[in-house]
Amino acid sequence: MKMYTSVRTLLPGAMLVFLCGCAIVDNVSEDGTAGYLSFGFEEAAFRPCGVDESWWVAADPEVELWDTYAAVAGDPLGYIRVYARLVGSRSSLGQYGHLGAYDREFSVTAIVEMREVKGDDCTWPGDVRLGPQ
């Protein structure tokens with residue numbers, strides 16, 4: 001009986017810790033996170049500078065992420081890479097987006113900057129540079 005009481009007492013706390021660990025969300029810098037953004041058929045990708053990850057992008061319509069991207073890229077579904085500095089929250093590591101192909105989900109709340117790519121916008125581990133396509 002004592003064992004049953006201990007498990008019953010500890011179980012809610014253990015479940016809370018487990019659930020909180022699965023839902024970790026990171027608010028990135030108020031200055032925005034810089035990287036490359038592209039949209040296409042079943043693609044909504046953000047690749048932050050200096051991080052070897054690809055994030056699935058989501059935003060509420062009032063952010064106007066899609067419209068701003070279309071204006072800069074010229075083709076809203078052409079997989080055109082643009083440089084963007086975005087504010088938002090990123091999820092914990094996992095599998096997100098189309099076929100779970102993305103490391104995180106990035107919920108964009110504001111656009112700080114979006115423009116055509118310049119050759120030296122970003123560097124990654126190993127000094128890999130991704131300039132214009």
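Compared with the direct C-alpha span, the chain from Glu64 to Thr123 gains 18.5 nm at full extension, assuming 0.36 nm per residue.
Spin-label model, Thr109/Val51: points 7 Å from Cα along the beta carbon direction are separated by 1.6 nm.
Between Glu43 and any residue 5 or more places off or on another chain, the built amide H atoms are never under 5 Å apart. Full extension of the segment from Leu99 to Leu77, taken as 0.36 nm per residue of separation minus the current Cα-Cα distance, would add 6.1 nm.
Across the stretch 115-121, rounded Karplus estimates of 3J(HN,Hα) from the backbone phi angles (6.51 cos²θ - 1.76 cosθ + 1.60, θ = phi - 60°) give 7, 5, 6, 10, x, 10, 5 Hz, Gly and Pro being marked x. Once backbone amide H atoms are built at 1.01 Å from N, Val117 has Tyr83 as its partners under 5 Å, excluding neighbours fewer than 5 places away on the same chain. Exposure proxy ranking for Phe39, Phe106, Phe46, based on other Cβ atoms within 10 angstrom of each Cβ and starting from the fewest, stands as Phe39, Phe46, Phe106. Residues whose amide H lies under 5 Å from that of Cys49, counting only those 5 or more places away or on a different chain, are Ala34, Gly35, Tyr36; hydrogens are built 1.01 Å from N in the peptide plane. Among Leu93, Leu86, Leu99, the ranking by other beta carbons within 10 Å of each residue's beta carbon, starting with the fewest, stands as Leu99, Leu93, Leu86.
Every number in this text was worked out from the coordinates using simple rules, so none of it is lab data. None of these values were measured; they are calculated from a predicted model. Reconstructed Cβ throughout: ideal geometry from the backbone, glycine too, with neighbour counts over all protein chains shown.
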